[in-house]
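Trainee: This is the structure I have questions about; it appears just below.
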Amino acid sequence: MTVEKIKELMRGGDVAAARVAAKALAGDEPGNIEARALYGVCSRLAGDDGEFVRVDDEIAAMPGAPRSPVWRRYHAMRVAACGSMLLLPAAADMMTPVMKYGGPPFVDPVLVAPKPAATDGKYPGKVKITWKKVSGAAKYKIRRATSSDYSKSKTIATVTKTAYSDKHPACKPKKRYYYWIVPCNAAGRPFKSKKRFDAGYAKQALKITTMGAMDVGGSLQLEVEGGPCDDISPEACKWRIVSGASCATLSKKGLLKARRMGRVVVSAAYRGAKAKTVIEIGVLRTLYGGPPFVPVAETVGIDGGARDAAE
Amino acid sequence: MSRGAERLYGAVVEITNRCNFRCPHCASASGEARADEMGAGEMAKLAGDLAALGCREFTMLGGEFLLRPDWGEIGAAVKAAGMELQLITNGLLVTPEVRRRFKALDPQTVCVSFDGATRRSYRAVRGVDGFDRCRRLIAGLVDDGFRQVSAITTFSSRNLGDFDRFVEMFIDTPVVWQVQIVHRAGERFDDSLLLNDAQFAEFADRATKCLCELHGRLRLQVMDDFGYFPVNPKLAFLCQRWDGCPAGRRVVGIRANGDVLPCLSLGGGFVEDNLRRRPIAAIWRDPGSFARFRHKSDRLTGFCAKCPAAKRCKAGCTAAAISNSGSATENRFCLRRLETTRLADLR
């Protein structure tokens, strides 16, 4: 018996005979992946799902398996919870119809959701969540809550990769969040899955918010912000000029005084979080290249007074 | 009940064979009224007899049933007998007054035959310019608040290309889109209308895709001539309640002249008896009636005989099987068969 003869039996509808023949051929030729795959497929067609799954596992462990088209399609059936995706263009799309007619809906397979790993204070202003790929899932929804109660969680993103960074400002530093990963099909519809979570938090995020330019001879109070620490006062930070110290001086309270044209790199630190910024010192109107600055009140008065005066 | 007879669930009753259309795929070859059509009294008695047999659904059709002036009386008799009423019309004679009369009958479903998704294809299939009128009618029936409004499309080689246009037309609407495949029956039938294997596969792929991906948005209802134990678990619902063709087992077809058939889709060669010779109860309970349909599983042939689902499937819809393979005992248009063949053809 050859693979072609087995296929001929299938085309004629004799699945039982094809199954027996495929089993015999797979026994005679242990390396014949196609014969083995046909045996699994015929088992499924004959209603023996247990054998179908067992054979699929067996083939998956064989080195040449990915090169067999029969097995690839067959495996797609397995991924789709022992079904055939033959009539669908995309094997990954596993949307389930809820029938208004003709009977109860098909029940979705329950996949094992991956256990996420969320970082604990590793990154400033973000928590990085990673997880292992789930066979059959095309997308993942990331849900977040402030407690371990899944019912209170909300979807914060849907991604196709197996990593996601939950960033400031949605993710507030030093606040503990709980994350769940929900595997979904290509259309974004979630599979039923067991709920597994991990908690994580972000390190303090710090940012210098002051505009990066000033006039020679001027002074500038540097400001910072950092998630929940919006009220960090500049006095609480440690300020330092990293480079360009000859152009300006910097007080402990973050007051920068410009002495001559140049570029200053300033850093701030607050409880382990650091931030850096560049400040250009020059003549503002030259720096921006526009027309000379004229105060607004002299151009158009609120009541049109300036125009009246000009006339 | 006598051996072989199950409880009658539904009757499909042609109250006249008169029709304003001459569609080539019509199984009854409707056009002229039959010579000896039953009167309103006989129809009312039939309704009572069917209800006494336990029948729950009475489908009233033609021809075009609106060409019979007493259709309202017959509908009222059906309701009085306690059955659900389903109306199937081609839609061209439905006026606002007719819609009001429909409403008074409170039908379970109003179905409009709708075989073309463009003016041109509608005309190619039905022979008249009824596209706009039917489309407006379907929308009007929805506005009228009928319990269910269905558009029935019979796919043939002439309108298969319209599938996606139909989907666009009915998606996100409350209209139930009922699809079926053309069968060879009726004297006018033109064989060029039949789907070939490749066209059936295309139809199956499109219908499957809609069933799997558009549920909740497209109310697609596939008829008994589609399905049969597919391996795809998403389509398992297609066979969950299927235990063989219901023709002559739970469903009966009755022509306007009293001829009793297992199903009106089968055409004139399958007339079992006539109501003027024996009442419906006697015909239904007779163990010898519909023998070819009630004991079909013993005689399956070809692919169907060897299929693991043969005992429950019994070669699917008999009218479809006869049309596509020439025999009631083998059905070429079957999803499982298509899946199995595709698996075998993988390279």
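The values are calculated or read from the model by the stated rules, or taken from the named source; none is laboratory data. It should be emphasised that the depicted structure is a prediction, and the values quoted were computed from it without experimental measurement. Positions of Cβ are backbone-derived with ideal geometry, glycine not excepted, and every protein chain shown enters the neighbour counts. Keep in mind that these areas ignore ligands, DNA and RNA; they rest on the heavy atoms of the full protein, side chains included. Shrake-Rupley method; radii C 1.70, N 1.55, O 1.52, S 1.80 Å.
Trainee: Out of the residues in the stretch A:51-67 that are in a helix (DSSP H, G or I) and open to solvent by 40 Å² or more (accessible area, probe 1.4 Å), state the one that is nearest to the other protein chains (Cβ to nearest Cβ).
Mentor: A:67
Trainee: Additional query: Across the stretch B:307-327, which residue is farthest from the other protein chains (Cβ to nearest Cβ) among those that are closer than 17 Å to residue B:266 by Cα and in a loop (DSSP other than H, G, I, E, B)?
Mentor: The qualifying residue farthest from the other protein chains (Cβ to nearest Cβ) is B:326.
Trainee: Which of the residues that make up the stretch A:244-276 are at positive phi and either outside any strand (DSSP E or B) or of a type in the set (Lys, Arg) (or both)?
Mentor: Residues satisfying the conditions are A:244, A:254, A:271, A:272.
Trainee: So, one more: Could you check the stretch A:36-50 and list, in sequence order, the residues that are charged (D, E, K, R) and closer than 14 Å to residue A:14 by Cα?
Mentor: Once the filter is applied, which keeps residues that are charged (D, E, K, R) and closer than 14 Å to residue A:14 by Cα, the stretch A:36-50 yields only A:44.
Trainee: If you go through the stretch B:11-24 one residue at a time, how many are in contact with a Leu (Cβ under 9 Å, 6 or more places away or on another chain) and open to solvent by less than 30 Å² (accessible area, probe 1.4 Å)?
Mentor: As a first pass, look at the stretch B:11-24 and keep what is in contact with a Leu (Cβ under 9 Å, 6 or more places away or on another chain): B:11-16, B:18-21, B:24.
Subsequent filtering for residues that are open to solvent by less than 30 Å² (accessible area, probe 1.4 Å) retains B:11, B:13-16, B:19, B:21, B:24.
Final tally of qualifying residues: 8.
Trainee: Also, I was wondering about something else. Which is touching an Asp or Glu at 6+ places or on another chain (Cβ under 9 Å), away from chain A (no Cβ under 14 Å) and more than 21 Å from residue B:179 (Cβ to Cβ), of B:231, B:260?
Mentor: Working: B:231 fails: away from chain A (no Cβ under 14 Å).
Just one listed residue meets the conditions, B:260.
Trainee: Could you tell me which residue of the stretch B:302-347 is nearest to residue A:2 (Cα to Cα), considering only residues that are basic (Lys, Arg) and under 25 Å from the mean Cα position of the chain (by Cα)?
Mentor: My answer is B:337.
Trainee: Please indicate, with yes or no, whether at least one residue in the stretch B:288-306 is within 14 Å of another protein chain (Cβ to nearest Cβ), in contact with a helix residue (DSSP H, G or I) (Cβ under 7 Å, 6 or more places away or on another chain) and part of a loop (DSSP other than H, G, I, E, B).
Mentor: There is at least one residue in the stretch B:288-306 that is within 14 Å of another protein chain (Cβ to nearest Cβ), in contact with a helix residue (DSSP H, G or I) (Cβ under 7 Å, 6 or more places away or on another chain) and part of a loop (DSSP other than H, G, I, E, B).
Trainee: Mind listing whichever residues of the stretch B:252-271 are buried (at least 22 other Cβ atoms within 10 Å of the Cβ) and not in a loop (DSSP other than H, G, I, E, B)?
Mentor: Within the stretch B:252-271, B:252, B:253, B:254, B:260, B:261, B:264, B:265, B:266, B:270 meet the criteria.
Trainee: Does residue B:168 qualify as being within 13 Å of chain A (Cβ to nearest Cβ), part of a helix (DSSP H, G or I) and acidic (Asp, Glu)?
Mentor: Working: within 13 Å of chain A (Cβ to nearest Cβ): no; part of a helix (DSSP H, G or I): yes; acidic (Asp, Glu): yes.
No, not satisfied.
Trainee: Let me ask something else about it. Any residue that is more than 15 Å from residue A:14 (Cα to Cα), surrounded by fewer than 17 Cβ atoms within 10 Å (Cβ to Cβ) and at the interface with chain A (Cβ under 7 Å from one of its Cβ atoms) - is there at least one of those in the stretch B:335-347?
Mentor: yes
Trainee: If residue B:330 passes every condition in (1) free of Cβ contacts under 8 Å to residues at least 40 places away in the same chain; (2) open to solvent by 30 Å² or more (accessible area, probe 1.4 Å); (3) within 14 Å of another protein chain (Cβ to nearest Cβ); (4) assigned to a helix (DSSP H, G or I) but one, which one does it miss?
Mentor: Here residue B:330 meets the rest and fails (4).
Trainee: Moving to a separate point now. Of all residues in the stretch B:293-306, count the ones that are touching a residue at least 40 places away in the same chain (Cβ under 8 Å) and out of contact with any strand residue (DSSP E or B) (no Cβ under 7 Å at 6 or more places or on another chain).
Mentor: So the first thing to find is which residues in the stretch B:293-306 are touching a residue at least 40 places away in the same chain (Cβ under 8 Å), and the list is B:293-297.
After this cut, where a residue has to be out of contact with any strand residue (DSSP E or B) (no Cβ under 7 Å at 6 or more places or on another chain) as well, the list is B:294-297.
Residues in the stretch B:293-306 being touching a residue at least 40 places away in the same chain (Cβ under 8 Å) and out of contact with any strand residue (DSSP E or B) (no Cβ under 7 Å at 6 or more places or on another chain): 4 in total.
Trainee: Within the stretch A:1-50, restricting attention to residues that are open to solvent by less than 50 Å² (accessible area, probe 1.4 Å) and of a type in the set (S, T, N, Q), which residue is farthest from the other protein chains (Cβ to nearest Cβ)?
Mentor: Ranking the qualifying residues of the stretch A:1-50, first place goes to A:32.
Trainee: A follow-up question, please. Is it the case that the stretch B:209-226 has a residue that's of a type in the set (A, V, I, L, M, F, W, C) and more than 11 Å from chain A (Cβ to nearest Cβ)?
Mentor: The answer is no, given that none of the residues of the stretch B:209-226 is of a type in the set (A, V, I, L, M, F, W, C) and more than 11 Å from chain A (Cβ to nearest Cβ).
Trainee: Does the stretch B:116-149 hold any residues that are part of a loop (DSSP other than H, G, I, E, B) and either farther than 20 Å from residue B:30 by Cβ or without any contact (Cβ under 8 Å) to a residue 60 or more places away in the chain (or both), and which are they?
Mentor: Matches in the stretch B:116-149: B:116, B:117, B:118, B:129, B:130, B:145, B:146, B:147, B:148.
Trainee: If you don't mind, another one. Mind counting the residues in the stretch B:25-61 that are in contact with a Gly (Cβ under 8 Å, 6 or more places away or on another chain) and buried (at least 18 other Cβ atoms within 10 Å of the Cβ)?
Mentor: 13
Trainee: Return yes or no: is residue B:5 under 21 Å from the mean Cα position of the chain (by Cα) and over 25 Å from residue B:188 (Cβ atoms)?
Mentor: No, not satisfied.
Trainee: Inside the stretch B:106-130, can you point out the residues that are in contact with a Leu (Cβ under 8 Å, 6 or more places away or on another chain) and either surrounded by fewer than 21 Cβ atoms within 10 Å (Cβ to Cβ) or modelled with pLDDT under 90 (or both)? Walk me through it before giving the result.
Mentor: Just the residues of the stretch B:106-130 that are in contact with a Leu (Cβ under 8 Å, 6 or more places away or on another chain), to begin with: B:106-112, B:128, B:130.
Across the stretch B:106-130, the qualifying residues are B:106, B:108, B:109, B:128.
Trainee: Just the residues that are closer than 24 Å to residue A:207 by Cβ and open to solvent by 50 Å² or more (accessible area, probe 1.4 Å), please, taken from the stretch A:135-155.
Mentor: A:146
Trainee: Sticking with this one: Looking at A:114, A:109, A:89, A:97 in this structure, which one is under 27 Å from residue A:49 (Cα atoms), out of contact with any Pro (no Cβ under 6 Å at 6 or more places or on another chain) and at pLDDT 80 or above?
Mentor: Numbers: A:109 fails: at pLDDT 80 or above; A:89 fails: at pLDDT 80 or above; A:97 fails: at pLDDT 80 or above.
The match here is A:114.
Trainee: Next question, about the same structure. Just one of the numbered conditions (1) on the phi < 0 side of the Ramachandran plot; (2) open to solvent by less than 20 Å² (accessible area, probe 1.4 Å) is not true of residue B:316; which one?
Mentor: If we test residue B:316 against (1) on the phi < 0 side of the Ramachandran plot; (2) open to solvent by less than 20 Å² (accessible area, probe 1.4 Å), just (1) comes out false.
Trainee: Here are the criteria: (1) open to solvent by 20 Å² or more (accessible area, probe 1.4 Å); (2) more than 36 Å from the chain's Cα centre (by Cα). Tell me which single one residue A:238 does not satisfy.
Mentor: Exception for residue A:238: condition (2).
Trainee: Say we look at the stretch B:237-251 and pick out the residues that are open to solvent by less than 20 Å² (accessible area, probe 1.4 Å) and more than 14 Å from every other protein chain (Cβ to nearest Cβ); which of these is modelled with the lowest pLDDT?
Mentor: For the stretch B:237-251, the residue satisfying everything is B:244.
Trainee: Is it fair to say residue B:312 is in contact with an Asp or Glu (Cβ under 6 Å, 6 or more places away or on another chain), among the charged types (D, E, K, R) and over 11 Å from residue B:248 (Cα atoms)?
Mentor: So residue B:312 passes the test.
Trainee: Now, a different point. Within the bounds of the stretch B:177-188, is there any residue that is part of a loop (DSSP other than H, G, I, E, B), modelled with pLDDT of 90 or more and either within 16 Å of the chain's Cα centre (by Cα) or surrounded by fewer than 23 Cβ atoms within 10 Å (Cβ to Cβ) (or both)? Spell out how you get there, then give the answer.
Mentor: Going residue by residue through the stretch B:177-188, those that are part of a loop (DSSP other than H, G, I, E, B) are B:182-188.
Filter once more, so that each one left must be modelled with pLDDT of 90 or more: B:182-183.
Checking the rest, the ones that are also either within 16 Å of the chain's Cα centre (by Cα) or surrounded by fewer than 23 Cβ atoms within 10 Å (Cβ to Cβ) (or both) come to B:182-183.
Looking through the stretch B:177-188, at least one residue is part of a loop (DSSP other than H, G, I, E, B), modelled with pLDDT of 90 or more and either within 16 Å of the chain's Cα centre (by Cα) or surrounded by fewer than 23 Cβ atoms within 10 Å (Cβ to Cβ) (or both).
Trainee: Could you list all residues from the stretch B:62-104 that are open to solvent by 30 Å² or more (accessible area, probe 1.4 Å), hydrophobic (A, V, I, L, M, F, W, C) and in contact with a strand residue (DSSP E or B) (Cβ under 7 Å, 6 or more places away or on another chain)?
Mentor: B:67, B:88
Trainee: With B:209, B:234 as the choices, which residue is over 28 Å from residue B:22 (Cα atoms), open to solvent by 50 Å² or more (accessible area, probe 1.4 Å) and without any contact (Cβ under 8 Å) to a residue 40 or more places away in the chain? First the steps, then the outcome.
Mentor: Working: B:234 fails: open to solvent by 50 Å² or more (accessible area, probe 1.4 Å).
Sole residue among the options that is over 28 Å from residue B:22 (Cα atoms), open to solvent by 50 Å² or more (accessible area, probe 1.4 Å) and without any contact (Cβ under 8 Å) to a residue 40 or more places away in the chain: B:209.
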